[in-house]
Amino acid sequence: MSALLAAEGLARAYPVQGGLFSPRRMIRAVRDVSLTLARGEALALVGESGCGKSTVGRLLLRLEEADAGRILFDGQDLRAVGTATLRALRRRMQPVFQDPYASLDPRRRIRDVLEAPIRLHRLREGAAVGARAAELMAQVGLAPDGLDKLPHQFSGGQRQRIAIARALAVEPDLIICDEPVSALDVSVQAQVVNLLAALRRDAGVALLFISHDLAVVRHLADRVVVMYAGRIVEEGATEQVFTAPRHPYTAGLIAAAPRTDRGRRVHAPMVGEPPDPLSEPSGCAFAPRCTLATARCNAEAPLLRDVAAVQRSACHHAENVPMPDVPGSAADTPLARRLAIYRRARAAGAIEQEVPHA
Ligand SMILES: Nc1ncnc2c1ncn2[C@@H]1O[C@H](COP(=O)(O)OP(=O)(O)O)[C@@H](O)[C@H]1O
Ligand code: SF4
Ligand SMILES: [Mg+2]
């Protein structure tokens, strides 16, 4: 079966103005990014701030044009199809962004927010439109009387549920979420993460989940793609990547994730800074921060290659990457604890409706 989404060789650079006498230079935000997503799959895109995650999301949604590369959605080339086909394909891939405040028009009632796309795409007619809007509210755990309210009458978590309901209104095959819970309180984060997990499980919606929060990623994603300085440096099945990372950068991210050791919050922050996005390193971009770097690393840029059954790494010394040696447990942060409660309850069959009414 063909992939739902396949991106090949995506690149995007942004011009930045130099000083009066210096030439215009380019920030190479995304370089040669290829990824695939199967129907109903949850794929996470992780990496430090500035590594190019959001740019990849915008390129895939065609909110912004790639300088190079192809994007196939359900086998059709998004960058080559005509306007009508593009509009039809776009309905099937919906974004959910970090800031639910900015993504909702403060003057529009929720009923209009949800009903307008249903009418626009002729998914229901007459009274069925209103019934569908009420159904969407229930699906995201909100009471139906919320339909007649304005965005400011909801909390941040509720607004993010509304943004998810709006994405669902057009019955998408894929939701691209860019840091969808980063702006929310921890207690609400777990609810929204579980809502997304439930949609994927029950409605079969595929997720591209952009996040820097590894606890959430581990809970939600089937596969993980790790980006560094605009490129993919590792990708693989989630548990494989978390338990046996094959890129020193991934190992560093895992070590840097918040964790608890005998009641104390500890973490091992990564040393060094990402490279200047204006420069093109000759060898491996991670070399200045890497304890495994050798002369070869500075001379030759590593290519992404298979290192295990469902795992690829762009590291010359992938086979020698040690497991991060950090005390404590990443499963012991407030959010990870809440997510674990959901996981255990679901395994025991105790959760029927994933999201309590809020
Ligand atoms: N519109 C833009 N103009 C100039 N530079 C940009 C623009 N958008 C992103 N960048 C730069 O591209 C790089 C990648 O940014 P982004 O995709 O937002 O990273 P992430 O989402 O991983 O934090 C950063 O260096 C950022 O400053
Ligand atoms: S290629 Fe070399 S410098 Fe780059 S991550 Fe691997 S070991 Fe480190
Ligand atoms: Mg971002």
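The values are calculated or read from the model by the stated rules, or taken from the named source; none is laboratory data. Treat the numbers as computed from the prediction; the structure is a model and nothing was measured. Neighbour counts run over all protein chains shown; Cβ positions are idealised from the backbone, glycine included.
Of the residues that sit in region 173-193 and are touching a helix residue (DSSP H, G or I) at 6+ places or on another chain (Cβ under 6 Å) and at pLDDT 95 or above, which one is nearest to residue 52 (Cα to Cα)? Step by step, filter region 173-193, then rank; the result is 178. Per the listing 246, 262, the residue uniquely in contact (Cβ under 8 Å) with a residue 60 or more places away in the chain, buried (at least 18 other Cβ atoms within 10 Å of the Cβ), over 20 Å from residue 213 (Cβ atoms) and outside the structural domain of residue 33 (by TED's automatic domain parsing) is 246.
Filtered by the rule that a residue be of a type outside the set (Gly, Ala, Ser), under 26 Å from residue 235 (Cα atoms) and part of a loop (DSSP other than H, G, I, E, B), region 1-35 gives 1, 4. Being assigned to a loop (DSSP other than H, G, I, E, B) and either among the small types (Gly, Ala, Ser) or surrounded by 16 or more Cβ atoms within 10 Å (Cβ to Cβ) (or both): is that true of residue 275 here? Taking the combined requirement at face value, the residue satisfies it. Consider region 43-81. How many of its residues are within 16 Å of ligand 2 (Cβ to nearest atom) and closer than 18 Å to residue 26 by Cα? Summing the residues that are within 16 Å of ligand 2 (Cβ to nearest atom) and closer than 18 Å to residue 26 by Cα in region 43-81 gives 1. Selection over region 278-298 of residues that are in a helix (DSSP H, G or I), surrounded by 17 or more Cβ atoms within 10 Å (Cβ to Cβ) and among the small types (Gly, Ala, Ser) gives a count of 1. Find all pairs meeting these conditions: Cβ atoms under 8 angstrom apart; at least six residues apart or on different chains; first residue within region 121-140 and outside the structural domain of residue 194 (by TED's automatic domain parsing) and in a helix (DSSP H, G or I); second residue buried (at least 18 other Cβ atoms within 10 Å of the Cβ) and acidic (Asp, Glu). If the second residue must be buried (at least 18 other Cβ atoms within 10 Å of the Cβ) and acidic (Asp, Glu), no pairs are left.
Of everything in region 14-37, what is surrounded by fewer than 16 Cβ atoms within 10 Å (Cβ to Cβ) and aliphatic (A, V, I, L, M)? Give them in sequence order. Within region 14-37, 16, 20, 26 meet the criteria. Of the helices (runs of 4 or more DSSP H) entirely within region 163-259, those holding at least 1 residues that are within 26 Å of residue 302 (Cα to Cα) occupy 214-220, 238-243, 248-256. When the residues of region 50-90 are filtered to those that are in a helix (DSSP H, G or I) and over 27 Å from residue 274 (Cα atoms), the one that is farthest from ligand 3 (Cβ to nearest atom) is 84.
Within the bounds of region 38-45, is there any residue that is within 14 Å of ligand 1 (Cβ to nearest atom) and either without any contact (Cβ under 8 Å) to a residue 40 or more places away in the chain or not assigned by TED's automatic domain parsing to the domain that holds residue 97 (or both)? No: region 38-45 contains no residue that is within 14 Å of ligand 1 (Cβ to nearest atom) and either without any contact (Cβ under 8 Å) to a residue 40 or more places away in the chain or not assigned by TED's automatic domain parsing to the domain that holds residue 97 (or both).
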